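In what follows, a structure is listed as structure tokens, so that the remarks can point back to it.
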Amino acid sequence: MKQQRVKRLALSYLAVIMTLSLVFSVIIYAVTSTQLNRELPPDDHIKQSADIEYQFHHRLERRDNETREMMVISLIALNGVMLAFGYWLSLVLARRTLAPIERSIEQQAQFVSNASHELRTPLAALLLSNEIAMRKRVLTDEKARQVLSQNVEEIKKLTNLSNSLLDLAKSENALNDPESIDISEIIKEVIRQYSQVAKAKQVKIFHDIPDGQKVTLQVNAARQILSILVDNAIKYAPQKVGEVKIWVRLNKNSVEFIVKDNGPGISSNDQKHIFERFYRADAARTRTDASGYGLGLAIAKTLADRCGYTIRIKSKPSAGAEFILVIPN
């Protein structure tokens with residue numbers, strides 16, 4: 001199916017190339033023929049006899065005809081070469097044109113498949129718990145509250161997943177114009193946003209923020225990226241003894257926002273896939289009580305790419321994870 005699409009597009013490109021080649025060939029032939037058919041200007045200084053003049057024009061006409069024949073043969077050969085070269089070029093252009101579209105379609109199909117799978121799990125749990133409760137003839141208040149509590153937890157999961165999917169969709173829309181803002185304002189706002197979450201898990205947040213340092217950036221995007229990185233750090237920081245450190249590094253050509261946790265870290269193999277949608281590390285990092293759908297870092301990466309920013313990872317197993325948001329000046 002993919003090869004058929006490539007061939008169809010290549011033939012379309014080839015049709016355009018050959019049409020242009022034939023049009024130019026006709027133009028070249030018409031212009032050259034016009035020049036060959038142009039009469040010679042009269043020569044008043046040289047008086048020629050009728051016989052010499054006839055022979056001269058006869059030879060000139062024969063030369064013109066031979067020139068036309070050679071031109072036609074050359075143009076046919078040229079168009080033959082253009083046909084072969086144009087088909088090769090059309091295939092190359094068709095593959096390059098369709099490659100990002102094919103990748104986008106594959107990613108969309110994978111995204112829909114993953115989203116459907118993630119949505120199916122809490123829905124199945126809801127359905128199962130309700131069916132079991134309905135089959136019982138007598139349902140005590142305690143059992144009913146237990147079923148309702150389970151339903152609430154599954155509904156919360158569905159709500160979180162839906163919100164994450166909406167955030168991911170929003171991140172792919174147009175961004176606002178860059179603004180000049182104090183770095184401390186963004187970080188303090190993010191810390192306030194997650195202070196209660198950190199307190200509930202007994203995770204300490206440390207920060208080193210330069211006051212009065214302004215940078216020009218996509219404020220909403222940078223705020224959302226930092227929120228995701230801080231939320232991710234709190235999520236994987238160990239209970240009671242967890243620490244999240246946030247600081248800023250000012251370079252000559254960039255500003256770096258660093259968010260580091262003291263959690264289980266990320267293996268080098270997982271780091272290759274950590275920004276993929278619905279991906280979650282398999283090893284020690286998922287043996288914590290952290291819950292999620294693997295969409296947060298995908299959203300952060302999408303936003304960063306659209307803004308021209310970079311997110312780097314520094315991590316080793318059992319040594320925590322450090323995420324660095326690099327914003328060029």
Q) Sequence-distant or interchain residues sharing an amide H contact under 5 Å with Gly320, placed H: which? A) Gly263, Gly265
**Q.** Solution diffusion estimate, µm²/s, Stokes-Einstein, the range 206-259, Kirkwood Rh from C-alpha pairs, 25 °C, viscosity 0.890 mPa s
**A.** 196 µm²/s
Q | Peptides 139-145, 255-261, 190-196 ordered by average Cβ neighbours within 10 Å, highest first | A | 255-261, 190-196, 139-145
(Q) Over the Cα atoms of the range 118-157, each weighted equally, I'd like the Debye log10 I(q)/I(0) at q = 0.22, 0.31 Å⁻¹, rounded to two decimals. (A) -0.66, -1.04
(Q) Please report the carbon-and-sulfur percent of the accessible area for the range 186-239; probe 1.4 Å, protein heavy atoms only, DNA, RNA and ligands left out. (A) 47 percent
Q: Pairs to check: Lys214/Lys240; Lys136/Lys201; Lys7/Lys301; Lys201/Lys301. Give those whose C-alpha atoms are more than 32 Å from each other in this structure.
A: Lys214/Lys240; Lys136/Lys201; Lys7/Lys301
Q. Given the Cα-Cα distance of Asn65 and Glu106 and 0.36 nm per residue of separation, how much length would full extension add, in nm?
A. 8.9 nm
Q. How would Arg137, Arg96, Arg5, Arg223 rank on accessible area, largest to smallest, probe 1.4 Å?
A. Arg137, Arg96, Arg5, Arg223
Q | Förster radius 56 Å - calculated FRET efficiency between Val138 and Leu20, Cβ distance, rounded to 0.05 | A | 0.10
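The values are calculated or read from the model by the stated rules, or taken from the named source; none is laboratory data. Just so you know, these numbers come straight off a predicted model, no measurement behind them. Positions of Cβ are generated from backbone atoms using ideal geometry, with glycine treated the same way; all protein chains shown enter the neighbour counts. Side chains are part of the model used for accessible areas, which takes the heavy atoms of the whole protein and leaves out ligands, DNA and RNA. Shrake-Rupley method; radii C 1.70, N 1.55, O 1.52, S 1.80 Å.
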